[in-house]
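Written below as structure tokens is the structure these notes are about.
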Amino acid sequence: MTLEDLYREVIMDHYRQPRNRGALDHANVVMEGVNPLCGDEIKLWLSIDDAGVITGASFDGHGCSISQSSASIMTAAVIGKPLADAHAVIAGFRGMMLDGAPPDEALLGDGVALEGVRKFPVRIKCAVLSWNTLKLGLDEHAAANGQHVELQHSES
Ligand code: ZN
């Protein structure tokens, strides 16, 4: 079995048996992403605790096998991670997919399996959709938290 075959197996495994699929109870971030080029849609739920750790992540959506398996891989890669680490994983994945950075399995886990998608440039957007959606969700959470802190401040 070549590495390419192995990676294809990993992608199809996440597509057929997605991890963390379906709405998440107690989510405090909900974000949607669309890739109109392919018709991929992702809805993402995150639960981020007061210490800034992603305690839960799930997704739902439809679209091609690359977009959906990438979302499954992404949720598995960030659950349990502090926000700074999650940002590092996002940057690592985007660097690999968009800039050709070498795959870092320690950082990305099964995410390295999507590196081969680079050979099909039109599909790169499918692979990064859920990761971009995650980044938007984290940015929104950070902005909302900033407001919250300010609000408490002005009340006191
Ligand atoms: Zn797609």
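The values are calculated or read from the model by the stated rules, or taken from the named source; none is laboratory data. Just so it is clear, the model here is predicted, and its values are computed rather than measured. FYI the Cβ positions are ideal-geometry reconstructions off the backbone, even for glycines, and counts take in every protein chain you see. Remember, those area values only see protein heavy atoms, side chains included, never the ligands or the DNA or RNA. Shrake-Rupley method; radii C 1.70, N 1.55, O 1.52, S 1.80 Å.
Of everything in segment 50-67, what is part of a strand (DSSP E or B) and under 21 Å from K81 (Cα atoms)? Give them in sequence order. Within segment 50-67, V53, I54, T55, G56, A57, S58, F59, D60 meet the criteria.
Going through (1) hydrophobic (A, V, I, L, M, F, W, C); (2) free of Cβ contacts under 8 Å to residues at least 60 places away in the same chain; (3) surrounded by fewer than 24 Cβ atoms within 10 Å (Cβ to Cβ) one by one, A86 falls short only on (3). Taken together, T133, T75 contain a single residue that is more than 16 Å from the ligand (Cβ to nearest atom), out of contact with any helix residue (DSSP H, G or I) (no Cβ under 7 Å at 6 or more places or on another chain) and among the hydroxyl-bearing types (S, T, Y), which is T75. The combined condition, being loosely packed, with under 14 Cβ neighbours inside 10 Å and within 16 Å of the ligand (Cβ to nearest atom), is fulfilled by F120. What do you reckon, is I54 closer than 17 Å to K135 by Cα, touching a Pro at 6+ places or on another chain (Cβ under 8 Å) and open to solvent by less than 30 Å² (accessible area, probe 1.4 Å)? Spelling it out, I54 is indeed closer than 17 Å to K135 by Cα, touching a Pro at 6+ places or on another chain (Cβ under 8 Å) and open to solvent by less than 30 Å² (accessible area, probe 1.4 Å). Once segment 22-49 is narrowed to residues that are within 17 Å of D85 (Cβ to Cβ) and without any contact (Cβ under 8 Å) to a residue 24 or more places away in the chain, the residue that is least open to solvent (accessible area, probe 1.4 Å) is S47.
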